[in-house]
Structure formats: C-alpha cells, structure tokens
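Chemist: Following this message is one structure expressed as structure tokens.
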Amino acid sequence: MSSRSQTLAITGAIGFVLLSVVVVLGWMAPVDRFFTATLEPLAGPLFVYVTELGSVKVLIGLSFIGMMYFLWSGDRFEAFRLPIVVILTLLVTQVLKLVFGVDRPTIDAALDATTYSFPSGHASGSLAFYGLLAVLLYRRDANTFGIGLLMLMILAVSFSRVILNVHYFSDVIGGWLVALVMMASSEQIRRKRN
C-alpha cells in the first residue's frame, strides 16, 4: 500500500470507529438536527430523482457498464475493480447497519429507506462508484470538469438523503468513511500489481 492510500485507509477506519461511538452515544444528535433543519426545506421532486443515482440497482448497473468500457479499452484490472469495490462497499455498509441498528428519521420504501440508518448506503455507494471514477479520470489527466461533475454527484446523492429526511448527516459521513476505506484498500492491490 502506498503511504498515501495506507494513510487514507487507516484514517478512514479510525474516523469511522470514532464516529460510530459518537453516534451510538447520541452525541451527534444536535449536529444531525442542525443539518436536517437546514437542508430539509430543499426537499422536492428533483431530489427524489437525484437520490436514485445512488440506489443499489443504479450503482451496480453503472458499475457493470463501466466494467464493459474498461474491458473494451483493455484495462482488465480497473474493469473488475470498479464493480468489486462498489459491491463490497454496499455489502459492508449493510452489515454495519445491522451491527449498529440505528433507526432512520423516516421510513420510506419509495426512497429505498427500509433498513437501518447508519451508515448511509447511498453515500457509501455513490462515493465508491463516482469517487473511483473521479480518481481514474484524475490519474488519466482528464479535464477537471468531469472530475468536478463526479464530485458534485457524490455530494448531491449523499445529501439528498438528508434533504428527503431518510438519513441523518452522521449517516452520510459514516457512509463516506466506509467507501474511503474500501477505495484506499483497493489502491493497495493496484499498486502491488504495478
């Protein structure tokens, strides 16, 4: 693992552990209430569509489209890395939801909001998919517009969950930390191959 990816993986793991303790003890409640009160007035039909860009079906579907693209371009490692990182991130997130058992602010099956709240699967999945694509674009010296658009997608999908009142702010941060650990860990494998 490169020193940077190792530092990111360790920092993300420690950050998640600390955040989970703070969440379980209820110390994040005032921060969560502040973000909910600030963002909830933005709720509307637009964010119902935005949030779908982080659903399991969409992320896995896009991952396999990305896989086909990378296979076509001759990059077998990235072709398999993309769906594996996304799927593993989503699975780890679901296991962590069961471990912590934090109730959601609102249950809404129409918004894929029927499981526990912490960490957010939409936040972890969107960072795993759109974030990994942003890293790959950055590595290939792509223009900053594409990278910026992908980063905006991560923010929009993640915070749509708070705006629609099916997640807390702490759930989003927890989801990002899970994805950060998974992405950084996948860098170790990539670097060992090179």
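Chemist: Taking a ≥ b ≥ c as the square roots of the Cα gyration tensor eigenvalues, with a/c under 1.5 meaning rounded and otherwise prolate when a/b beats b/c, else oblate, which class fits region 1-77?
Modeler: oblate
Chemist: Follow-up question, since we're still on this one. For the pair residue 29/residue 56, report the inter-label distance in nm, with labels modelled 7 Å from Cα in the Cβ direction.
Modeler: Calculated label separation equals 3.0 nm.
Chemist: What FRET efficiency do you get for residue 155 and residue 71 if R0 is 30 Å and r is their Cβ-Cβ distance, rounded to the nearest 0.05? Write out the running numbers ahead of the final one.
Modeler: Values: r = 30 Å, r/R0 = 0.99.
Plugging the Cβ-Cβ distance into 1/(1 + (r/R0)^6) gives 0.50.
Chemist: On a 0 to 90 degree scale, rounded to 10, what angle separates helix 144-163 from the longest Cα axis of the chain?
Modeler: Approximately 30 degrees, to the nearest ten.
Chemist: Can you pull out the trypsin sites (Lys or Arg not before Pro) in region 61-156 whose DSSP state is coil and whose Cβ has at most 12 other Cβ atoms within 10 Å?
Modeler: 140
Chemist: Still on this structure: Taking the inverse of the average 1/r across all pairs of different Cα atoms in region 58-190, what Kirkwood radius in Å do you get?
Modeler: Here the Kirkwood hydrodynamic radius works out to 15.0 Å.
Chemist: Identify, among 174, 144, 7, the residue whose Cα sits farthest towards the positive end of the charge dipole of the chain, taking +1 on the Cβ of Lys and Arg and -1 on the Cβ of Asp and Glu, with the dipole about the Cα centre.
Modeler: 7
Chemist: Further question on the same structure: Kindly state, to the nearest 0.05, the FRET efficiency for residue 142 paired with residue 36, given R0 = 30 Å and r defined as their beta-carbon distance.
Modeler: 0.25
Chemist: Sticking with this structure for a sec: Which value at 222 nm does the chain reach when only helices count, each DSSP H run of 4 or more adding -39,500 (n - 2.57), with the total divided by all residues and rounded to the nearest 500 deg cm²/dmol?
Modeler: -24000 deg cm²/dmol
Values quoted throughout were computed directly from the atomic coordinates according to the rules given, and no laboratory measurement underlies them. From a predicted model like this one, the values you see are computed outputs, not experimental measurements. Cβ: placed from backbone, ideal geometry, glycine included. Neighbour counts: every protein chain shown.
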